[in-house]
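**Student:** Take a look at the following structure, please.
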Amino acid sequence: MAYTKETLVISNPSDKLLKVVERLRTHKRTQLEKLRNMKSEEFSRRVILS
Amino acid sequence: MEASYSIVQKENEYRILLTSVNTEVLPAHIQEAIKSRGIDISELIIERISGESTTGQDVLHDITSWVAELFASNPKLIIYYSCDDITPIPSRNEKSGNKNMPVNAYRSRLFTHIFDTYMASHQVSGVTNTPIQLDNYENGVGYSLFFHFIARDIHIDIVEMLKEDILEVSGK
């Protein structure tokens with residue numbers, strides 16, 4: 001059974017699309033920074049694996 | 001939605017965040033479709049905070065289970081995952097032809113592998129992984145970007161609308 005669709009490949013995306021992607025990447029960097037700075041008690045779930 | 005998870009295993013700490021995507025950047029007709037059906041598109045972000053050991057199957061299993069639980073308990077959730085090349089992968093498995101693969105391509109392949117394995121082993125149906133790859137090369141020089149949408153089949157039309165919009169914006 002196929003759970004994953006065939007990859008949509010877009011070659012040479014337009015500048016407009018790349019600008020949107022750059023905004024998404026900037027947002028992701030912000031979220032990564034947020035994750036790095038979160039205090040342990042702020043997580044909705046925490047686990048320590050042995 | 002907003003949910004976060006911290007996994008610590010010895011010196012390694014992984015942090016995972018599921019956070020709502022700002023859909024206001026999308027065209028009005030897609031925003032309307034999302035809003036009218038109460039769809040929540042959330043981005044999955046996974047980050048290693050410390051440690052350089054190879055990530056074990058138990059950690060991957062734990063992350064997958066947490067995400068799957070959230071997905072199952074939120075019937076209108078669509079997960080968006082962009083495979084980043086912002087952070088490296090320390091101690092990654094380079095035995096099987098992965099050696100020269102960019103980190104985001106590696107993450108994309110791993111993401112699909114984990115998704116397919118989970119779906120098969122838990123006998124889940126009606127959920128689909130839609131990968132999108134942007135190849136931005138000129139004269140053989142450039143980079144690729146990889147994205148995934150995980151959606152229930154009843155929401156696949158929303159993913160199709162997003163795909164069509166990406167194609168349109170890209171002039172394809």
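The numbers here are math on the coordinates, done by the rules we state, and not lab data. Values in this document were obtained by computation on a predicted structure and should not be read as measured data. Here Cβ is always computed from backbone atoms with ideal geometry, including for glycine, and neighbour counts include all displayed protein chains.
**Student:** Among B:Ile46, B:Asn136, B:Ile78, whose Cα projects farthest towards the positive end of the dipole of region B:44-172, with charges put on the beta-carbon of Lys, Arg (+1) and Asp, Glu (-1)?
**Tutor:** B:Ile46
**Student:** Express in nm, to one decimal, how much length is gained between B:Ile114 and B:Glu160 on full extension, taking 0.36 nm for each residue of separation and deducting their alpha carbon distance.
**Tutor:** Details: separation 46, 0.36 × 46 = 16.56 nm, distance 2.27 nm.
Length difference between fully extended and current span is 14.3 nm.
**Student:** Any of A:Lys16/B:Lys163; A:Lys28/B:Lys163; A:Lys5/B:Lys99; A:Lys5/B:Lys163; A:Lys39/B:Lys35; A:Lys19/B:Lys76 with alpha carbons more than 22 Å apart? Name them for me.
**Tutor:** Checking Cα-Cα distances, A:Lys5/B:Lys99; A:Lys39/B:Lys35; A:Lys19/B:Lys76 exceed 22 Å.
**Student:** Subtracting the Cα-Cα distance from 0.36 nm times the residue separation, let me have the gained length for B:Val124 to B:Glu13 in nm, one decimal.
**Tutor:** Between B:Val124 and B:Glu13, full extension yields 37.0 nm more.
**Student:** Could you work out the percent of alpha carbon pairs in region B:2-169 separated by over 20 Å, rounded to a whole number?
**Tutor:** 56 percent
**Student:** At 18 Å minimum axial length over the Cα atoms and a Kyte-Doolittle cut of 0.5, report the qualifying DSSP H helices in chain B, or say none.
**Tutor:** For chain B, where a helix must reach 18 Å along its axis and average at least 0.5, the hits are B:156-169.
**Student:** Also, I was wondering about something else. For the Cα atoms of chain A, what angle does the longest principal axis make with the long axis of helix A:15-37, in degrees from 0 to 90, nearest 10?
**Tutor:** Its long axis makes an angle of about 10 degrees.
**Student:** Evaluate E = 1/(1 + (r/R0)^6) for A:Ser14 and B:His29, where r is the Cβ-Cβ distance and R0 equals 35 Å; express this FRET efficiency to the nearest 0.05. Can you show the working numbers first?
**Tutor:** Working: r = 20 Å, r/R0 = 0.57.
Once rounded, the FRET efficiency stands at 0.95.
**Student:** R0 = 22 Å: FRET efficiency of A:Leu49 with B:Thr87, Cβ-based, nearest 0.05? All intermediate terms of the calculation are to be shown ahead of the outcome.
**Tutor:** Numbers: r = 21 Å, r/R0 = 0.95.
After rounding, the FRET efficiency stands at 0.60.
**Student:** Also, quick follow-up: Which whole number gives the average count of other chain Cβ atoms within 10 Å of the Cβ atoms across peptide A:35-48?
**Tutor:** If you average over the peptide's residues, the count of other-chain Cβ atoms is 5.
**Student:** Dipole of chain A, Cα-centred, from +1 at each Lys and Arg C-beta and -1 at each Asp and Glu C-beta, to the nearest 20 debye?
**Tutor:** 140 debye
**Student:** Run through region B:1-107 and list the GluC sites (Glu not before Pro) located in a DSSP loop whose Cβ has at most 12 other Cβ atoms within 10 Å.
**Tutor:** Working: sites: B:Glu2, B:Glu11, B:Glu13, B:Glu24, B:Glu32, B:Glu43, B:Glu47, B:Glu52, B:Glu69, B:Glu94; in loops: B:Glu11, B:Glu52, B:Glu94.
Filter output for region B:1-107: B:Glu11, B:Glu52, B:Glu94.
**Student:** Gaussian network model of chain B, Cα springs within a sub-10 Å range: biggest mean-square fluctuation belongs to which of B:Ile79, B:Ile154, B:Ile34?
**Tutor:** Most flexible of the set in this elastic network: B:Ile154.
**Student:** Running a GNM on chain B with Cα contacts under 10 Å, which residue among B:Ile114, B:Ile86, B:Ile156 ends up with the highest mean-square fluctuation?
**Tutor:** Maximum fluctuation in the GNM of chain B, among the listed residues, is at B:Ile86.
**Student:** Would you mind checking which residues have amide H under 5 Å from A:Arg46's amide H? H placed 1.01 Å from N; only 5 or more apart, or other chain.
**Tutor:** Those lying under 5 Å, H to H, from A:Arg46 are B:Ser6.
**Student:** Further question: Stick to the Cα atoms of the protein assembly as shown, pair each with every other, and give me the Kirkwood hydrodynamic radius in Å at one decimal.
**Tutor:** Answer for the protein assembly as shown: a Kirkwood hydrodynamic radius of 18.4 Å.
**Student:** Chain A: which GluC sites (Glu not before Pro) are DSSP loop and have at most 15 other beta-carbon atoms within 10 angstrom? Before the final figure, lay out each step's value.
**Tutor:** Values: sites: A:Glu6, A:Glu22, A:Glu33, A:Glu41, A:Glu42; in loops: A:Glu6.
Sites meeting the loop and neighbour criteria: A:Glu6.
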